[in-house]
Structures are given as structure tokens and as C-alpha cells.
Amino acid sequence: MTTRTPWRRTALLAGLALLTAACGGTTRSDVQQQQSSAPATAASSAAANPNAPLKQGLKIAFLPKQVNNPYFTIADEGGITAAEEFGGEGKEVGPSDASASSQVSYINTLTQQKQDAIVIAANDPNAVVPALKQAMAAGVKVVSYDSDTAADGRQVFVNQAGAEDLGRTEVQLLAEQIDHKGKIAVLSATPNATNQNAWIEFMKDELSKPEYKDMELVKVAYGNDDDQKSFTETQGLLRSHPDLAGIISPTTVGIAAAARYLSDSPSKGKVKLTGLGTPNQLRKFVKDGTIEAFELWNPADLGYLASYAAAALASGQITGAEGEKFTAGKLGEYTIGAKGEVLLGKPTVFNKDNIDDFDF
Ligand code: RAM
């Protein structure tokens, strides 16, 4: 198990059972929307007390899709910082791969440890639900962040940005760069990822509008949020489609690997690349002309907000029902929306003019 705390950064691969997708993965077709369409959330029936103080000493565990991803390192450090602020204790644990069932054993361990809350970015919307239900039955509060579970697997979902806005703006960003013409591909994360699949659905919907009639989505490839696989998939896309005009990679791992491949190839600057990435990973590719523009929210703020949501649940301030409010430290007050969703805000578009203003 890999853990990260502010005072200790240890990577222990102690007998970690890497459960494979064979243990009940979810296919794209049964994936719930990131803006979940499931009827019920796991909001508890107990009444919320908005005036309840945040409890001291809360133990909040962050379970990202995978630990060796700089995006989640930033997000979870934001969450751990928040926990320190409200007198709690945060830690990050998780698998080193983002496969469908890789988080289940971690959920079970965190439940046995009697954590007050689990904050999870789900690798699969359904595979984690039975274990999360057991956690909630044992009194552990569950917040999903970044990538949602089915709604009955958690009490609150902290979404980084509107799925529709992200999907459409990524297509718009690429379309501007290729004059609305040519073959395009998506280089995604894992086939089961709730967040990427929701965004891709909105990309397809955007592409169905008349202004994109000369653009064709030829392939959705999956790099599994693995650097090397994402690199190889990029190479494969260019080999299969030598006339490719552009790639959208809605994953920080994918876009960084694709940028590295392109920057070193004759396609640099010719095959356009956009998507979601961290400014620190992509700065050099913006400066060398591989990437014109890409988007992201502040991952530290996402983790910070999710941490406060977890503390508010564990303190009885909220139950996850629509309309409840809580204060997330320096970020201010948030209201829970439909289906237990809390929205962080709009993403930022980065380009050569502003990238040096950001350090994450
Ligand atoms: C990767 C992960 C994560 C996603 C970001 C944009 O780090 O897939 O879930 O939100 O990219």
C-alpha cells in the first residue's frame, strides 16, 4: 500500500493484490454520467445541523485513481492541508494503477481502520460501490471527487467543473486550432473512468453540431493514465491516421505523454494537441510550440474542497442532500446541488500568455 502524509512519503508495495478488471469492471455503455443520472444518492436520513462545529481529530483518507500521478499528488496535498486546518489528520493511500477494481482492497482497509471519511476518485463507477456501501454502513462518510461513483456509492460528489462545459470547450479549443477541419482523435485515460467518459459524451455531442461537419472523430484511444501506454497510443494514432489534424487528451497523464511524443516528431506543431493538463507538466511544450492551449482547474482546490465536504459530513453539518450548505475554509461557502453534487468552478485555459502565472 502506498501512503502519503505531510510528514512521511513512503512507497511500500507490501503484497498489494492488484485486482484486475476481471473482478467486475464497468463498460462504457453502463457508465453513469459524471453528472450522475442515478435516482438516489446515499444521503443519510439523519437531519443535518448546519450549526454543528467541525469535529476535531477527524481522520480523512484520500483514495485517488492512482498514487503515481502528479495531478493527484497536488489534489491530495490540498486535501491534507485542509484537514490540518480543521484540526484533523489526512492521508493518501491508493493503487499504482487505475484499473477498475484496484481500489477495492484499499476501501476495505480504510473501513477496518475506522477512518471518519474516505474521499475517492473512482476508477470505475460501479466496481467500488459494494465496498463503499459497507464503509458507509460502518459509519464512514464517503465523498467522491474528480471521478464519481454511482450515486448510491457516496454521499457527496465534489466535481471539478461542469462535465458539459469541459467536453464542449475542449472541442472548441481544438476546432479553433485546426480551422474546424480534419480528422481528430481522443486519447483518454481508462475505458471505465466516469469523468473522462462523461466529458467524451459531451465532446461527441458538440461535434454533432453543423459547425463541425468537416471534423471527424476517428478514434478514442485509451492510455489508461499510464505514461508509457499513453505515449505508445499516441504513436499508434499517428501511424494509423497519418493525416490526423488534432488530438484531445482529457487526462493530465495522457496529454503530457502525447506532448512528449509530438514534440520530438515531425508532427510537432502540425498535429494540434489540447486537453486537460497541469501547467508545470506542459509549460515546456507550450513554449516549444507543441501545444497552443489547454485547460484545467486547480487540483489543490479540488482536494481542499473535498476534504471540507468530508469533514462537514462527518460532523453532521450536512448529509449530502440538495440545498445544504457548508463552508470550505478559504474557498468560502458551497451549496450541495442535485444528486449530491458540489461544483468547484470553471476551469482555466492556459496558453503562452498566462502559463507562467501558474505553479502547479
Ligand atoms: C488525470 C486523471 C484525472 C483527471 C485529470 C484531468 O490526472 O484521469 O481523473 O481529472 O487527468
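The values are calculated or read from the model by the stated rules, or taken from the named source; none is laboratory data. Computed from a predicted structure; not experimentally measured. A quick note on method: Cβ atoms are made from the backbone with ideal geometry, for glycine too, and the neighbour counts reach across all protein chains shown. Calculation scope for accessible area: heavy atoms of the full protein, side chains included, ligands and nucleic acids excluded. Shrake-Rupley method; radii C 1.70, N 1.55, O 1.52, S 1.80 Å.
Here are the numbers for the structure shown:
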item: Residues of the range 141-161 that turn out to be in contact with a Lys or Arg (Cβ under 8 Å, 6 or more places away or on another chain) and more than 12 Å from the ligand (Cβ to nearest atom), as a count; result: 7
item: So Ile255, is it in the same structural domain as Lys272 (by TED's automatic domain parsing) and part of a strand (DSSP E or B); result: no
item: Of the criteria (1) under 23 Å from the mean Cα position of the chain (by Cα); (2) in contact (Cβ under 8 Å) with a residue 60 or more places away in the chain; (3) away from the ligand (no atom under 12 Å from the Cβ), which one Ala245 fails; result: (1)
item: Filtered residues of the range 248-262 (kept if open to solvent by less than 30 Å² (accessible area, probe 1.4 Å) and away from the ligand (no atom under 16 Å from the Cβ)); result: Leu262
item: The range 72-120 - residue that is part of a loop (DSSP other than H, G, I, E, B) and without any contact (Cβ under 8 Å) to a residue 60 or more places away in the chain and, of those, surrounded by the fewest Cβ atoms within 10 Å (Cβ to Cβ); result: Lys114
item: Residue in the range 214-229 that is of a type outside the set (A, V, I, L, M, F, W, C), away from the ligand (no atom under 14 Å from the Cβ) and open to solvent by less than 30 Å² (accessible area, probe 1.4 Å) present; result: no
item: Among residues of the range 276-293, those that are open to solvent by less than 60 Å² (accessible area, probe 1.4 Å) and not in a loop (DSSP other than H, G, I, E, B), counted; result: 7
item: Members of the range 141-175 that are free of Cβ contacts under 8 Å to residues at least 40 places away in the same chain and open to solvent by 10 Å² or more (accessible area, probe 1.4 Å); result: Arg168, Gln172
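A quick yes/no check of all residues on (1) touching a His at 6+ places or on another chain (Cβ under 9 Å); (2) touching a residue at least 12 places away in the same chain (Cβ under 8 Å); (3) more than 16 Å from the ligand (Cβ to nearest atom):
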| site | (1), (2), (3) |
| --- | --- |
| Val271 | no, yes, yes |
| Val286 | no, yes, yes |
| Pro299 | no, yes, no |
| Gly303 | no, yes, no |
| Gly329 | no, yes, yes |
| Gly332 | no, no, yes |
| Thr335 | no, yes, yes |
